[in-house]
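Note sheet for the following structure.
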Amino acid sequence: MSTVQEVVTEAAVVEAVPKKAMTLGYGTSLVMLALLILVPLFVKNFVIFQLTMLLIYALAVLALNILTGGSGQFSLGQSAFYAVGAYTSAILMEHAGINYAVTLPIAGVICFGFGFLFGQPALRLSGVYLALATFALATAMPQLLKLGYFEYWTGGVQGLVVTKPDAPFGLPMSQDMWLYYFTLAVSVAIYVFSVNLLKSRSGRAFMAIRDNEIAASAMGIDVALYKTLAFGVSAGITGVAGALGAIAVQFVAPDSYTITLAISLFLGMVVGGVGWLPGSIVGSAFIIFVPNIAEGISKGLSGAVFGVLLFLVIFLVPHGARQVAMVAQQLIGKLRKN
Amino acid sequence: MELFTNQVLAGIATGAIYACMALAVVMIYQAIDHLNFAQGEMAMFSTFIAWQLMQWGVPYWGAFLLTLVFSFCGGIAIERLLFKPLAKAPILTNVAGFIALYAIINSSAGLIWDFTIKQFPTPFGSSPFLGSQLISTHQAGMIGVTLVLLVLLFFFFRFTRMGLAMRAAASLPESARLVGINTSWMIALGWGMAAAIGSIAGMMIAPVVFLEPNMMLGVLIYGFAAAVLGGLTSPFGAVIGGFLVGIFENLAGTYIPGIGNELKLPIALALIITVLVVKPAGLFGRPIVKRV
């Protein structure tokens, strides 16, 4: 058995995505934003709640996208960071009586720290090993949350109930609608932050590491620092998403944050297109609505439908929604010429 | 002291489960250089097949052999149909494929046989082994099966042309192709063997943990931990790793206060991370040197 592995012939971890292909143009972004602002005005409360969850999962998928599409590291453990964010927010609100909006940045910072620390051992790991370690993290997290020692804080198996906030300043809005616009504001802020992050010096460092780690370090990039930083940023954003999720669902319990959630987020990223940030919302829509449809066809079938669709995506549109968007763009371009 | 020896013995007994699973994990890693996240589910599905055959009145060993054949063919079929086209794809795509497979198998097993817990028979009986209360004859039999499997694998890889060809195809595919080895089929063969070993593991484990679609998740994590501890390149290391993990789990449960059944998975997580950080090649694996 050879002990030397040729880096050149080795398969890439993630396909390199050019920086320009990672985001949308200004015009399209503004149209999307307008849609997101207007739609809730015309639908029922339950649909508004679903749209809120759509944004929240989109944030979590976006976070994974920065980690995987940006810096080329895997994580099957995003559910763990999501859980930490959710619990941070729930505990602060219910035990310390802190305002919900204030808990978001705290959850973000705590998760950033957690992710940064987890990134330290993850530094030594690449590819499948990293997937394995994060997979173990995700499966271990529900058991940690159920632990007797923390029961006073976490509520053990029972979980914690969170109160839903009212619209402030006497705005004439339902709770769901207020929460939707609140989530939308947070999401837009984080999206803008992410786009700028990837365009910055740090973003270029991430991508250099993704494309070739050895070459990146030869160019003077501190590989260890930027890899852990990517982990931290990703975990931080996931934590904020988790906190928002806790507020929207009004409940946190260990079994809401199993490996299934981590797998869903991973799936969302693949469907949305790895490295294409706007794809996050497509992926999020996929993981929220497809299981409902599948359950409608036959109960217990959602896993199989998920799996089959994932294979279809891998084989037919390996770049996910990005590929579809690109084809559409080309078609429109052709029509204009004619 | 007696408590200690007893716990070590009990640890070896549970370790046999992990050793079996770790062996399957290492097998597939050798063949395709990836960790198969669906390995546990494939083993679970095979075990259900064996259970179904027995329900139809096939005797134990008949069902055992039929399941082995089915798993071997099933493993090859999965590779040919789903993963051969992905051979050149980025690692991410492969991991996504494994996860898809995991979801499909888990969900369809639940659909076919539903999620109620089922009894699975053991061929070795469950009376105490040699008068010891700690190890039952089933557990002793399981240890025996694991060791026999290990010896067979050792002879296969060391002394047969096919084993040599598989090793060559796994470590240096380009050169292997140049000397006339059909590397693509070697990979399929690796999948088949891993699936067959997994099915043996499943059938040995099922009497202990009971048969249900989610029975393998914990075992798989421990199997990964064992494989990582022993070194992902060494079947021998995987088995030793399995026993060590079993002993470690039992001792930690006995001597460290506050670690009971509820912390089983976090222990495995801590173990995986510690080994990967301190000694990434594992106890018996060979370190991989990268060349640009």
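Against the numbered list (1) within 14 Å of chain A (Cβ to nearest Cβ); (2) at pLDDT 85 or above; (3) surrounded by fewer than 18 Cβ atoms within 10 Å (Cβ to Cβ), B:Phe157 comes up short only at (2). Evaluation of B:Leu35 against the conditions (1) in a helix (DSSP H, G or I); (2) hydrophobic (A, V, I, L, M, F, W, C); (3) more than 8 Å from the chain's Cα centre (by Cα) shows that the sole unmet condition is (1).
State all residues of segment A:299-338 that are of a type in the set (Val, Ile, Thr), in a helix (DSSP H, G or I) and either closer than 21 Å to B:Leu101 by Cβ or in contact (Cβ under 8 Å) with a residue 40 or more places away in the chain (or both); if no residue qualifies, say none. A:Val305, A:Val308, A:Val313, A:Ile314, listed by residue number.
Exactly one residue among A:Ser256, A:Ser264, A:Ser284 is closer than 29 Å to A:Val157 by Cβ and within 14 Å of another protein chain (Cβ to nearest Cβ), and that residue is A:Ser264.
For (1) part of a helix (DSSP H, G or I); (2) among the aromatic types (Phe, Trp, Tyr), each residue gets a yes or a no:
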site	(1), (2)
A:Tyr129	yes, yes
A:Pro142	yes, no
A:Thr163	no, no
A:Met173	no, no
A:Met177	yes, no
A:Tyr180	yes, yes
A:Thr183	yes, no
A:Val188	yes, no
A:Ser194	yes, no
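The criterion of being at pLDDT below 80, farther than 26 Å from A:Cys111 by Cβ and assigned to a helix (DSSP H, G or I) holds for A:Gly296. For B:Lys84, the stated conditions do not hold, so it cannot be described as surrounded by fewer than 20 Cβ atoms within 10 Å (Cβ to Cβ), within 13 Å of another protein chain (Cβ to nearest Cβ) and free of Cβ contacts under 8 Å to residues at least 40 places away in the same chain. Within segment B:5-20, the set of residues being surrounded by fewer than 24 Cβ atoms within 10 Å (Cβ to Cβ) and in contact with a Phe, Trp or Tyr (Cβ under 6 Å, 6 or more places away or on another chain) comprises just one member, B:Ile12.
Could you look through segment A:168-189, keep only residues that are buried (at least 20 other Cβ atoms within 10 Å of the Cβ) and either touching a His at 6+ places or on another chain (Cβ under 8 Å) or of a type in the set (S, T, N, Q) (or both), and pick out the one that is farthest from A:Phe46 (Cα to Cα)? Once the filter is applied, the top-ranked residue is A:Ser187. Considering segment B:38-50, and only residues there that are modelled with pLDDT of 90 or more and either not aliphatic (A, V, I, L, M) or not in a helix (DSSP H, G or I) (or both), the residue that is nearest to B:Ile104 (Cα to Cα) turns out to be B:Phe45.
Only a single item in (1) more than 14 Å from every other protein chain (Cβ to nearest Cβ); (2) in a helix (DSSP H, G or I); (3) not small (Gly, Ala, Ser) is not met by A:Phe118, and it is number (1). Pairs linking a residue in segment A:227-248 that is in contact (Cβ under 8 Å) with a residue 12 or more places away in the chain and more than 13 Å from A:Phe114 (Cβ to Cβ) to a residue that is of a type in the set (Gly, Ala, Ser) and not in a helix (DSSP H, G or I), with Cβ atoms under 8 Å and 6 or more positions apart or on different chains, do not occur. Could you tell me whether A:Asp176 is among the acidic types (Asp, Glu) and touching a residue at least 40 places away in the same chain (Cβ under 8 Å)? Against the criterion (among the acidic types (Asp, Glu) and touching a residue at least 40 places away in the same chain (Cβ under 8 Å)), A:Asp176 qualifies. Scanning segment B:171-189 for residues that are within 19 Å of the chain's Cα centre (by Cα) and within 14 Å of another protein chain (Cβ to nearest Cβ) gives a single hit, B:Ile187. For segment A:313-320, does any single residue satisfy the condition of being crowded, with 18+ Cβ neighbours inside 10 Å and under 17 Å from the mean Cα position of the chain (by Cα)? Within segment A:313-320, one or more residues are crowded, with 18+ Cβ neighbours inside 10 Å and under 17 Å from the mean Cα position of the chain (by Cα). Only one entry of B:Leu23, B:Leu68 meets the criterion of being crowded, with 21+ Cβ neighbours inside 10 Å and outside any loop (DSSP other than H, G, I, E, B), and that entry is B:Leu23.
Please go through segment B:108-120 and pick out each residue that is facing chain A (nearest Cβ under 7 Å) and modelled with pLDDT of 85 or more.
B:Ser108
Among the residues making up segment B:141-180, those that are over 20 Å from B:Ala196 (Cα atoms) and assigned to a loop (DSSP other than H, G, I, E, B) are B:Leu172, B:Val179, B:Gly180.
Checking each residue in segment A:266-282 for being in contact with a helix residue (DSSP H, G or I) (Cβ under 6 Å, 6 or more places away or on another chain) and more than 12 Å from A:Leu309 (Cβ to Cβ) picks out A:Met269, A:Gly272, A:Gly273, A:Val274, A:Gly275, A:Trp276, A:Leu277, A:Gly279, A:Ser280, A:Ile281, A:Val282. Taking segment A:321-338 as the search range and keeping residues that are among the charged types (D, E, K, R) and surrounded by fewer than 11 Cβ atoms within 10 Å (Cβ to Cβ), which one is modelled with the highest pLDDT? That would be A:Lys334.
One line per residue, one yes/no per condition, for (1) at the interface with chain A (Cβ under 10 Å from one of its Cβ atoms); (2) assigned to a helix (DSSP H, G or I); (3) at pLDDT 80 or above:
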site	(1), (2), (3)
B:Ile205	no, yes, yes
B:Ile221	yes, yes, yes
B:Val228	yes, yes, yes
B:Val245	no, yes, yes
B:Leu263	yes, yes, no
B:Leu269	yes, yes, no
B:Val277	yes, yes, no
B:Ala281	yes, no, no
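The values are calculated or read from the model by the stated rules, or taken from the named source; none is laboratory data. Remember, predicted model here, so these are calculated numbers, not experimental data. Positions of Cβ are backbone-derived with ideal geometry, glycine not excepted, and every protein chain shown enters the neighbour counts.
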